[in-house]
1. Roughly speaking, what is the stretch gain from S365 to D314, that is 0.36 nm per residue apart minus the C-alpha to C-alpha distance, in nm to one decimal?
2. Could you pull the Rg and Dmax for the stretch 387-486, using just the Cα atoms, both in Å?
3. How large is the accessible surface per residue of the stretch 479-528, computed with a 1.4 Å probe and reported in Å² as a whole number?
4. Given 4 °C and 1.567 mPa s, how large is the Stokes-Einstein diffusion coefficient of the stretch 146-198 in µm²/s, with Rh as the Kirkwood radius over Cα pairs?
5. Pop the C-beta distance of S535 and M386 into the FRET formula with R0 = 41 Å and round what comes out to the nearest 0.05.
6. Only Lys, Arg, Asp and Glu count, each charged at its Cβ (+1, +1, -1, -1), so figure out the dipole size of the stretch 301-408 about its Cα centre, rounded to 20 debye.
7. Quick one: accessible surface of T355, probe radius 1.4 Å, all protein chains present, in square angstrom to the nearest 10.
8. Can you give me the accessible area per residue for the stretch 169-229, using a 1.4 Å probe, in Å²?
Amino acid sequence: MSLKTASLKIGTQGPNRCGQALLQIGINMMALPGGRHLDSMPLPGQRLHLMQVDSVQRWMEDLKLMTECECMCVLQAKPISLEEDAQGDLILAGGPSLGDPLQLLLKRGWVISTELRRIGQKLAQDRWARVHSMSVRLTCHARSMVSEYSTGSRSSSQEMGQIEKLLMEKCSELSAVTERCLQVENEHVLKSMKACVSDTLSTLGQHFSQLLELALTREVQALVRKIDASDNIYTTESTTGNLFSLTQEGAALCRIIAKEGGVVALFKVCRQDSFRCLYPQALRTLASICCVEEGVHQLEKVDGVLCLADILTDDSHSEATRAEAAAVVAQVTSPHLPFTQHLSSFLESMEEIVTALVKLCQEASSGEVFLLASAALANITFFDTMACEMLLQLNAIRVLLEACSDKQRVDTPYTRDQIVTILANMSVLEQCASDIIQENGVQLIMGMLSEKPRSGTPAEVAACERVQQKAAVTLARLSRDPEVAREAVRLSCMSRLIELCRSPSERNSSDAVLVACLAALRRLAGVCPEGLQDSDFQQLVQPRLVDSFLLCSNMEESFV
């Protein structure tokens, strides 16, 4: 389905009457599928009479039989003018067939929510002509959504019917009150009417959200029941794919899927040998659902962690399956989600999972597999301090540092971000320093201080900043060991840290990188002060950390 943009600019009187006529036709078309109304169907005896009337009147009569609700939306949004914001109007054209009510519902819902937001913007600017034309179009979209869903889906519940009625009443009220505003010139009257329009718009938005949530819940329930009851691999694959598509629509849908038993149904798939080829798809869907608290809670209720551990430790599963299981582990142990810290069942299987993830990192055949496995390990090191000791015993430092020289596995700053995160968290252990030196790790950390983005995208720039910051943190922690500090000084780490502190462009003006570099520099200076010039010592080491920070953060280049 394509979403195109268009605009509508109409006069004050005549075109408004035209809009109301189109609106009335749309109302008459709701009774039968295909946009036909029982009362407007011609009887056989009437056709001869139609041949004798004016051709324009004949065309008007035929129009009632041939036009559909979708055509009304397209016609109402035709680009008649070249208004400066003309490209912002939305229409829905060429969408899915009625056999795909879920996708049509999502697309229509997106258009309506966007229209609601834009009407609010135009209302704030007192653009009354635009507000009215967009309100009429919104009514058409809402009516089409109700008609399409009731035609292509199951029978509506009583609750849905009530909300549909309230929604359409508010749409009509919004169109009527905005039309009246076009006739008003008194600013005080308009101000009071503006508040009324704002309230109506807010209530309409609430009704729309309720209706959309109810409809989506019913569709999710149907998909979950289909997965749960199916023993056909093709049906399960198709339905799981539909469920995954829904998870990409945002956290709200993930919550609905979790509440309606989606996690339970997907783990049922992952426990059946006959569905082994569907494990990657099911696990990928689970990882998406577990971005919300309800998904993680459902995972714990069905012993999902134990199932993940079984998949990760079973070498008979494909690498793709184990990589997707690692992705679920990375999601449910994410330090950015506070509710994952209470996943008590994870501790019982942590040693098995960590061992399997280290092995997956070592044997990974691609950068994507390594990224998923290392991300899971990085999150686990935040999840529990015991994980760092396990990694030390499993020689994880050697595995990770060896991977850094393998471009097939480690080729992006996102992957290096995971590696340096693990090293930073492990560096709190005293035994870690000797392993780092033995594997030439200080030189690799030094290289990470020079991480640069290739594409310049915001995500990649942010990843490079994290790599630089965590590399400096790792260096500061490891420099407790004099041997590591001397090795860092020998490799000119102090010069690079000074450069990062003094040159904002080298750290992309990141304050987090600056603080980490100042801390690392002070730690190294405590061991080898002779490596610093007097000016560097007086400005970057001797003052309080906050004073050095303020000095360096004000070194932005001035063009005044």
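1. Value of the extension gain: 16.6 nm.
2. Gyration radius and largest Cα-Cα distance of the stretch 387-486: 13.1, 39 Å.
3. Result: 40 Å² of accessible area for each residue.
4. After rounding, the answer is 98 µm²/s.
5. That pair, S535 with M386, gives E of 0.35.
6. 300 debye
7. Its accessible surface works out to 60 Å², give or take rounding.
8. In whole numbers, the stretch 169-229 has 52 Å² accessible per residue.
The values are calculated or read from the model by the stated rules, or taken from the named source; none is laboratory data. Source: prediction; values computed, not measured. Quick reminder, even Gly has a Cβ in these numbers, built from the backbone with ideal geometry, and neighbours come from all protein chains shown. Accessible surface areas use protein heavy atoms only, side chains included; no ligands, DNA or RNA. Shrake-Rupley method; radii C 1.70, N 1.55, O 1.52, S 1.80 Å.
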